[in-house]
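Presented below is the structure to which this report refers.
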Amino acid sequence: EGETPAKVLRDLSDVIRSKVGKAVVALAAKDKAKNTSALLVAITKDWQSTYDAGKIVKSVAAILEGTGGGKADMAQAGGKNFKFDEAFKAIQGQL
C-alpha cells in the first residue's frame with residue numbers, strides 16, 4: 001500500500017523484462033484513489049533498436065484521454081478513462 005499504480009507497473013515491467021528475451025511489455029492499471037488510468041510500455045534491450053516505447057505511448061495516450069511520454073526503453077501514460085483493450089490493440093497494431 002502507498003505505491004502508485006505507475007510505480008507498481010514500472011517495477012513489474014522490470015521483473016518481466018529480466019525474465020524474457022525479446023519483448024514489448026505493455027501493462028495497465030486503474031488508480032482507484034485518483035480514478036485515473038496508468039499505462040506503461042517497456043522494451044527489452046534486444047528490441048530497442050526496432051521499437052520506441054516513448055513513440056508507442058504517445059500514439060495511444062489519447063485513447064485513455066490523457067498524455068504520455070518517456071524514453072525509448074520505457075514510457076508511461078495516464079488518462080481519464082479505462083479503455084485498456086483499445087489501447088492494447090493499438091499497441092499491438094504497431095508491432
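Quick notes on this structure:
- Of all the numbered requirements in (1) open to solvent by less than 70 Å² (accessible area, probe 1.4 Å); (2) outside any loop (DSSP other than H, G, I, E, B); (3) in contact with a strand residue (DSSP E or B) (Cβ under 9 Å, 6 or more places away or on another chain), Ala90 misses one, and that requirement is (3).
- Residue that is nearest to the chain's Cα centre (by Cα), among those in the range 1-19 that are open to solvent by 60 Å² or more (accessible area, probe 1.4 Å) and at pLDDT below 90: Lys7
- Residue ID - surrounded by the most Cβ atoms within 10 Å (Cβ to Cβ), chosen from residues in the range 62-76 that are over 16 Å from Leu12 (Cα atoms), among the small types (Gly, Ala, Ser) and in contact (Cβ under 8 Å) with a residue 12 or more places away in the chain: Gly68
- Within the range 20-34, the set of residues being over 21 Å from Ile63 (Cβ atoms) and open to solvent by 80 Å² or more (accessible area, probe 1.4 Å) comprises Lys22, Ala33.
- Criterion: open to solvent by less than 50 Å² (accessible area, probe 1.4 Å) and in contact (Cβ under 8 Å) with a residue 12 or more places away in the chain - qualifying residue of Ser37, Ser59: Ser37
- The residues of the range 20-51 that are within 12 Å of the chain's Cα centre (by Cα) and closer than 11 Å to Asp73 by Cα, listed by number, are Val24, Val25, Leu40, Val41, Ala42, Ile43.
The values are calculated or read from the model by the stated rules, or taken from the named source; none is laboratory data. All of these numbers come straight from a predicted model, not from anything done at the bench. Cβ: placed from backbone, ideal geometry, glycine included. Neighbour counts: every protein chain shown. The protein model used for the area step is the full one, side chains on, heavy atoms only, and it has no ligands, DNA or RNA in it. Shrake-Rupley method; radii C 1.70, N 1.55, O 1.52, S 1.80 Å.
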